[in-house]
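Here you go, one structure.
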Amino acid sequence: GSSAAMSKIAASAAGAVLAKSATCENQIGNPQPRTWQSAGASLNSEGLPNAGIDYYISSETITATMGSSADKPYMVSISGKNLADNLAMLKSIAKARNADDRIAGVELNLACPNVIGKPIIAYDFDQMDSVLKAVEKLGLYKEIPLGVKMPPYMDGPHFARAAEVLNKYKGMVNYVASINTIGNAFAVDIASEMPVISSNGGFAGLSGKAAKYTALANVRKMRELLDPSIDVVGVGGVETGEDAFEMILCGAAAVQVGTCHWTEGPKCFDRICTELKTIMKEKGYSSVDDFKGKLKPWSKEGAAIARAAKKARKGKEGGGGGVTTVDKGGGDVYVILTHILAIAVAVLLADKFGVVPLSI
């Protein structure tokens, strides 16, 4: 969450930079170990360690973060301990933006499971409605674009109720980021016979590849239920260009990358961009809009295509395979770099932020 760390993201192929979720004051978070990594999953119970909202909205931090990447959006995320905290931070952000318009937008985190003993706001639909109503009454969304980070939903009626609440504020909520970590995951170390996470009894949020399929379901369902004016950002388990393609196909207008950046570093954005471009080129797509939200229904014909593609991949791997190289040039690269991969929310809102063009 430091400007030094964020500057590496700004200098990469990421389309935007989203600062770490902030609280009113700086806090150190939960005791170590609070994160755990395996080949297929990650756990974290960080407890929102951050430098405090004033750090993330200061001109000094923004300058140190963005450097020469002035064409990319810099986003701020907030996760107050209560409604009063969130409203106070929104006021601070609006005031800071009046002095420094490089703050492109704010993400309101209603999904964090890391505050021990506190319910997730977006699982209490009446409370979520009350929070959004208070934010609307504040009126600052007219000055700075607002997005909402959501938790994963598993039950059909929960999807419907969440979308119903969000649609009430379609004039205020520009996008929904789905999903945050899947709460109350658990891992055990058999050598020590204890949890791998020290705080909260070992319970933690699940992210990484294991979260992708739940994330895809949430992206798909939210895109079906939300008003078209509310964009969806796909978050959860994005590690490859194929993962990004799947998210966009299910309706995501942009993709966030978290765990992969944690394990691989900023170079993951360049790699994912190249892989995504390769897929688009092979399919004859020159723009994200060519396939965004255009998931096809299951069919026997489609299943035959899938089997043939799987067989071809196996044959290529058996024959030694090889790495596909892609020309870094071309107009579609600009769209990919500026519209898809964001550790932020997205450049998908470029038309609303007025930052980058939306077509080639």
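The values are calculated or read from the model by the stated rules, or taken from the named source; none is laboratory data. All values reported here derive from a predicted model rather than from experimental measurement. All Cβ positions, even for glycine, are placed from backbone atoms using ideal geometry, and neighbour counts span all protein chains on display.
Among the residues of the stretch 252-259, is any modelled with pLDDT of 95 or more and β-branched (Val, Ile, Thr)?
no
Name the single residue that is surrounded by the most Cβ atoms within 10 Å (Cβ to Cβ) among those in the stretch 278-311 being in contact (Cβ under 8 Å) with a residue 24 or more places away in the chain and either within 19 Å of the chain's Cα centre (by Cα) or not in a loop (DSSP other than H, G, I, E, B) (or both).
Within the stretch 278-311, the match that is surrounded by the most Cβ atoms within 10 Å (Cβ to Cβ) is Val288.
Now a separate question. Looking at Asp129, is it charged (D, E, K, R) and surrounded by 14 or more Cβ atoms within 10 Å (Cβ to Cβ)?
Here the answer is yes, as Asp129 does meet what is asked.
Could I ask something else about it? Looking only at the stretch 139-155, how many residues end up being exposed (fewer than 14 other Cβ atoms within 10 Å of the Cβ) and in contact (Cβ under 8 Å) with a residue 24 or more places away in the chain?
2
Go through the stretch 230-277 and give me each residue that's in contact (Cβ under 8 Å) with a residue 60 or more places away in the chain and in contact with an Asp or Glu (Cβ under 7 Å, 6 or more places away or on another chain).
Within the stretch 230-277, just Ala253 meets the criteria.
Still on this structure: Restricting attention to the stretch 18-68, and to residues there that are among the aliphatic types (A, V, I, L, M) and farther than 16 Å from Ile93 by Cα, which single residue is surrounded by the most Cβ atoms within 10 Å (Cβ to Cβ)?
Residue satisfying both the conditions and the ranking: Leu43.
What residue, among those in the stretch 165-194 that are of a type in the set (D, E, K, R) and without any contact (Cβ under 8 Å) to a residue 12 or more places away in the chain, is surrounded by the fewest Cβ atoms within 10 Å (Cβ to Cβ)?
Across the stretch 165-194, the extreme among qualifying residues is Glu193.
Can you find even one residue in the stretch 208-231 that is within 26 Å of Arg34 (Cα to Cα), among the β-branched types (Val, Ile, Thr) and surrounded by 24 or more Cβ atoms within 10 Å (Cβ to Cβ)?
Checked the stretch 208-231: no residue is within 26 Å of Arg34 (Cα to Cα), among the β-branched types (Val, Ile, Thr) and surrounded by 24 or more Cβ atoms within 10 Å (Cβ to Cβ).
For the stretch 76-95, which positions are over 21 Å from Lys137 (Cβ atoms) and of a type in the set (A, V, I, L, M, F, W, C)?
Selection gives nothing.
Go through (1) under 22 Å from Thr23 (Cα atoms); (2) assigned to a helix (DSSP H, G or I) for Lys149 and report which single condition fails.
So the condition that Lys149 fails would be (2).
Quick one: which of Ala96, Ala88, Ala134, Ala111 is under 28 Å from Met172 (Cβ atoms), touching a residue at least 12 places away in the same chain (Cβ under 8 Å) and either β-branched (Val, Ile, Thr) or crowded, with 24+ Cβ neighbours inside 10 Å (or both)?
After applying the criteria, what remains is Ala111.
For Glu239, state whether it is touching a Lys or Arg at 6+ places or on another chain (Cβ under 7 Å) and surrounded by fewer than 22 Cβ atoms within 10 Å (Cβ to Cβ).
When the stated conditions are applied, Glu239 passes them.
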